[in-house]
Amino acid sequence: MASLLFLLVASFGIVLALRVLARWTAVSASPFEVEPWLSGHPPTEHALSRYHARWYTASVVFLAFDVEMLFMYPWAIVVGHLGPGAVVEMFGFLLMLLLAVAWARREGAFRWA
Amino acid sequence: MADSLPLVYVVPVMVGLAVVSLSVAGLSSALEARDRGLSVGSGLTLPLRETARLMRQRPRRTVSADRLLWRSASSAVIPLAVLIVAFVPLGAHALVDHPLGLVWINALDVVAWAVMWLLGWGVNSVTGLVGGYRFLALALGYELPLMFALTAPAIAAGSLNLAEISATQDGLWFVVWTPVAFVAYCWGVLGFSVRPPMDPGAGSDVNGGILAELAAVDRLLVLAGRYALLVAGSAAAVPLFLGGGAGPLLPGWGWVLIKTILVSGLLVLAGRRLPTLRPDKLLELGWVVVLPLVVAQDLVVSVIAVATN
Amino acid sequence: MNLSLVDVGFWLCAVVSVVAGALVFYVDSMARATYALAVSFVAVGVALLLMGQAYMGVIVILMMVMEMAVMAVYMVMFMGMNPALMPMSMVHSHRSSIAAGVGTFLLLGAGAVLVPWPTRRGAPTGDVTSALGEAIMESHMIVMIAMGPVMVATIVAGVVLSSHRTRYDRLGDDLDRRPADDPQPGGVGR
Amino acid sequence: MGWCIAESAADADVLAVLGAPDEAFASVVDHVWAQMSEPRVRVHVQAGSEATALLDEVRERLRLGARRLTGPDVRRGFTPSADAMAPEHDDQDGAAAHGDHHDHDGGHDHSSMMMPDGIPLAEGAEDRDGLEMDELHLPLGPVLAHWPAGVVLRVTLHGDVVVDAEVEQLAASGIGRRDDPAVRAARLLDAAGSVLALAGLPAEFARVRRLRDRCLDGELHDGHEVAQFGDRLGRRRVLRWVLSGLIAEGSHGGSEELHARLTALFEQARAELDGDAVPPVAPAVQALPALVRGMELAEVRLWVAALGPDLAPGLADQEMPAEAAHG
């Protein structure tokens, strides 16, 4: 834990050092402010807005499915000595989920809305 | 954790990561120079010159940008790569030798979701926005296969500790009997490092996406960070699939280094060979083809694990 | 009472998680609010790590960063206002929500402090992660078995509730249109 | 390592203007110039023959740059005006949304409230899947990598999907414009190269570029090499898969697949070089909005690149910021 914390500090330290160094090496240290890149046109509105992510159904399926990983890792290290029963159970469980995924695919969950 | 390498090793590990990242970037631009009919040598040194160019540039920001989120995101890419490498055993031990090293690597690759989306969001530009959301759409496709791919070596070794996983592979590397997991893992590495062909979030076809508004040191941190993530992901593949530090003559860390360079070099080559995989093409493929294949791979591995135990 | 490094770390995480949690209601941007919540959860994850629950700690960090990354997308999409550039309020009925929040916090806090916690009997096993794996597969198998149908139901309900076009729109009334009629090309099998 | 094309103003060091821009174009160029980070150099290439010398000079000027190379701190072209706030009056949705805002903050300070930094907020509109989300407007072109010269396509986006588009064409005045088979073939190869670059195949882009340069230098005596290249590319299965399903209704009189269009570009270039070309049925630039409606942004970029030779009468890639790579 301590070494992880140390690494976190050290790596962000490097980033900070680069940023400080850049203030020195850059032709000017003061940032300038511009409008966003629109092929040479001025913006008609701010880009930050209610952005329509058209894969939201897929993200719902994802959120449900990824809870499964919670069990997968602890299971992975004990399956070797728990024997065939553990394999059957886990993959029965996964098969059920994959069937749900196949059904979701037919409903167009992985398509753009 | 008692077996972690002393903290002084942080320095060589970070220097190593930087050198390998620069070399891989050099390989990429050397190949491009060759394709353009220019001298390969000028391509090899391009990353260094590009670094100098960006360090000289005046910093730039966009109007009404969320600078806190944008700056945090561009600053976080390199630390993310460093932390992943910290869990990779260089021989017998890693900088952080944690019993759950594998889960940590998974957790860190997920942080890339936040970082890349925030890079696109913070800038207040349509281009960045489209890029960030495209990255997330792609991530929904590659993440589950990546997670199941990570599970395969864990089942085979009966451990989540990377040093133990790599030690279990004496004689037979996991890549030999878990090839599907290895490929799915590499696919995920390209995904979270936003490198081609998994780089629609930064593609030319969306005017540069999350990279479009980055200049000066911000751009340097992200471009270098993408290579560092690629190298870090490749380094993690070594204990997981490629026998860790096993190999004749050289010390363990030497083999880890060589294998890391080979894997990241191969991923760069694959990136040049394949066109950008757009999320609208890939999302469904990830779920209905790759995911079942990787689950089947895990099934094979666990049957073997049970049979040999 | 000796204050060890772990204690200091734990209290630091506790403060960070509460402050970041409060920031969710203070900041004026959906992205900042969501990621403030993510920071709060990461602090909780680290606190769990410090309590020796390594697996729970890492998995909380893993899951919550991922969920928050997706939740940010929802927050931006579905809150009916500009998600970043306008002052906003994350609460409905301001006064009663503050009262409810403070009340719940005090109740739970008082419970945690005042309840006579039992003293530990025995010691935890060396490897809590594999103990968890064994528990899931053996003594708590019923949980595992119940989870399957629950998750399938979640996927089905989520898809039904969120999708605008379903199989009949895509595949025709007899479900035999190939390739499916989608507004966007791509996908498997075409 | 030679010069390469910058994807955005942030990445550019050099702004090279080819030919004589008219007033509309000049303001666009100024805007791009303002967005570039120092050290930056702007050159005006009047005649093709002087380009090489100018670019060498640019390289020197970039090297020499020191701290004096700074410009103003805030470089904004947008000035808030009274009518900037008002939505189009003939637009029902816009008018409804406008009324809505009045209800919220009911009063005079709302223009400052709704315009952080002098730029209006995005406004909502009903979408094809029944959700109301904000619309964003993204002008594509004229200064854009791998984009046909002089074309400006203003798309309205819901997420990354185009719900509406308008097109205009800036007067393009190419320099040294010839019209012979080699030039026509080069333009077709340019378009093919752009598609490949946008599809994420920089190596193939570079190879097509070299082929095109040799074509302009008169080194290709027939279409053999071009046809060979097109054939090899046509057999790349992943490329075929990635481009499959990208269909433009009515691009060349009927629906067309992008992969077929890419192969056709090579075939047409070959025909030009072999002297058996038939003039293609050119889709007018006015057909573009109908074509791109409903497409995803990336698809629009790919299609416009592929249709480039038919859309822009001048030379493709006429003007764009170029990035110096110091070599």
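The values are calculated or read from the model by the stated rules, or taken from the named source; none is laboratory data. Here the structure is a predicted model, which is why all the values come from computation and not from measurement. As a convention, Cβ positions derive from the backbone with ideal geometry for all residues, glycine included, and neighbour counts pool all protein chains shown. These accessible areas exclude ligands, DNA and RNA; they are computed on the full protein's heavy atoms, side chains included. Shrake-Rupley method; radii C 1.70, N 1.55, O 1.52, S 1.80 Å.
Quick notes on this one:
- Any hit, segment C:35-54, residues being in a loop (DSSP other than H, G, I, E, B), loosely packed, with under 11 Cβ neighbours inside 10 Å and of a type outside the set (D, E, K, R): no
- Of the candidates B:LEU257, B:LEU291, B:LEU211, B:LEU220, the single residue that is out of contact with any helix residue (DSSP H, G or I) (no Cβ under 6 Å at 6 or more places or on another chain) and in contact (Cβ under 8 Å) with a residue 24 or more places away in the chain is B:LEU257.
- Qualifying residue in segment D:211-220 (condition: in a loop (DSSP other than H, G, I, E, B), in contact (Cβ under 8 Å) with a residue 24 or more places away in the chain and in contact with a helix residue (DSSP H, G or I) (Cβ under 9 Å, 6 or more places away or on another chain)): yes
- Residue check for A:SER49: without any contact (Cβ under 8 Å) to a residue 60 or more places away in the chain, in contact with a Lys or Arg (Cβ under 7 Å, 6 or more places away or on another chain) and within 30 Å of B:ARG67 (Cα to Cα): no
- Among the residues of this structure, C:THR119 counts as one that is outside any helix (DSSP H, G or I), closer than 28 Å to C:LEU49 by Cβ and not assigned by TED's automatic domain parsing to the domain that holds C:VAL18.
- Scanning segment C:84-105 for residues that are part of a helix (DSSP H, G or I) and either at pLDDT below 85 or within 20 Å of B:LEU118 (Cα to Cα) (or both) returns a single hit, C:HIS94.
- Candidates are the residues of segment B:110-126 that are among the β-branched types (Val, Ile, Thr) and within 17 Å of D:SER8 (Cβ to Cβ); the one that is farthest from the other protein chains (Cβ to nearest Cβ) is B:VAL123.
- Breaking point among (1) of a type outside the set (D, E, K, R); (2) more than 30 Å from B:ALA307 (Cβ to Cβ); (3) without any contact (Cβ under 8 Å) to a residue 12 or more places away in the chain; (4) more than 7 Å from chain B (Cβ to nearest Cβ), for A:VAL78: (2)
- Restricting attention to segment D:35-53, the residues that are part of a helix (DSSP H, G or I) and either at positive phi or modelled with pLDDT of 90 or more (or both) total 1.
- Among the candidates B:VAL217, B:VAL183, the residue that is closer than 29 Å to B:THR308 by Cα and either in contact with a Pro (Cβ under 9 Å, 6 or more places away or on another chain) or modelled with pLDDT of 95 or more (or both) is uniquely B:VAL183.
- Scanning segment C:9-24 for residues that are within 19 Å of C:VAL91 (Cβ to Cβ) and surrounded by fewer than 16 Cβ atoms within 10 Å (Cβ to Cβ) returns C:VAL18, C:VAL19, C:ALA22.
- Of the residues making up segment C:163-176, those that are surrounded by 13 or more Cβ atoms within 10 Å (Cβ to Cβ) and assigned to a loop (DSSP other than H, G, I, E, B) are C:SER163, C:HIS164, C:ARG165, C:THR166, C:GLY172.
- Qualifying positions in segment C:61-83 - of a type outside the set (S, T, N, Q) and either more than 9 Å from chain B (Cβ to nearest Cβ) or not in a helix (DSSP H, G or I) (or both): C:MET64, C:GLU67, C:MET71, C:TYR74, C:MET75, C:MET77, C:PHE78, C:MET79, C:GLY80, C:MET81, C:PRO83
- Test for C:LEU62: is it over 19 Å from B:TYR133 (Cβ atoms) and not assigned by TED's automatic domain parsing to the domain that holds C:VAL39: no
- Scanning segment B:121-141 turns up at least one residue that is free of Cβ contacts under 8 Å to residues at least 12 places away in the same chain and either more than 16 Å from the chain's Cα centre (by Cα) or outside any loop (DSSP other than H, G, I, E, B) (or both).
- Per-region count, segment B:93-119, residues open to solvent by 10 Å² or more (accessible area, probe 1.4 Å) and either at pLDDT below 95 or in contact with a strand residue (DSSP E or B) (Cβ under 6 Å, 6 or more places away or on another chain) (or both): 4
- Residue match in segment C:175-189 (condition: in contact with a helix residue (DSSP H, G or I) (Cβ under 8 Å, 6 or more places away or on another chain), in contact (Cβ under 8 Å) with a residue 12 or more places away in the chain and within 14 Å of chain D (Cβ to nearest Cβ)): yes
- For segment B:52-91, filtered to residues that are among the hydroxyl-bearing types (Ser, Thr, Tyr) and at negative phi, the residue that is most open to solvent (accessible area, probe 1.4 Å) is B:SER72.
- Checking each residue in segment C:71-111 for being under 22 Å from B:LEU136 (Cα atoms), loosely packed, with under 15 Cβ neighbours inside 10 Å and aromatic (Phe, Trp, Tyr) picks out only C:PHE78.
- When we screen A:GLY92, A:GLY108 for residues that are without any contact (Cβ under 8 Å) to a residue 24 or more places away in the chain and small (Gly, Ala, Ser), the only hit is A:GLY92.
Residues checked against (1) closer than 30 Å to C:GLU134 by Cβ; (2) within 7 Å of chain B (Cβ to nearest Cβ); (3) within 27 Å of the chain's Cα centre (by Cα):
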| residue | (1), (2), (3) |
| --- | --- |
| A:PHE6 | no, yes, yes |
| A:VAL15 | no, yes, yes |
| A:VAL34 | no, yes, no |
| A:HIS41 | no, no, no |
| A:TYR51 | no, yes, yes |
| A:PHE62 | yes, yes, yes |
| A:PRO74 | yes, no, yes |
| A:LEU99 | yes, no, yes |
| A:ALA104 | no, no, yes |
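- Of the candidates D:ALA122, D:ALA145, D:ALA149, the single residue that is open to solvent by less than 20 Å² (accessible area, probe 1.4 Å), among the aliphatic types (A, V, I, L, M), free of Cβ contacts under 8 Å to residues at least 60 places away in the same chain and not in a helix (DSSP H, G or I) is D:ALA122.
- The listed residue being within 14 Å of chain A (Cβ to nearest Cβ) and open to solvent by 70 Å² or more (accessible area, probe 1.4 Å), out of C:GLY148, C:GLY126, C:GLY133, C:GLY158: C:GLY126
- Conditions (1) assigned to a helix (DSSP H, G or I); (2) touching a helix residue (DSSP H, G or I) at 6+ places or on another chain (Cβ under 6 Å); (3) crowded, with 24+ Cβ neighbours inside 10 Å; number of the one not met by B:ASP280: (2)
- Checking B:VAL231, B:VAL217, B:VAL222 one by one, the residue that is closer than 20 Å to B:GLU50 by Cβ, in contact with a Lys or Arg (Cβ under 9 Å, 6 or more places away or on another chain) and either more than 14 Å from chain D (Cβ to nearest Cβ) or in a helix (DSSP H, G or I) (or both) is B:VAL217 and no other.
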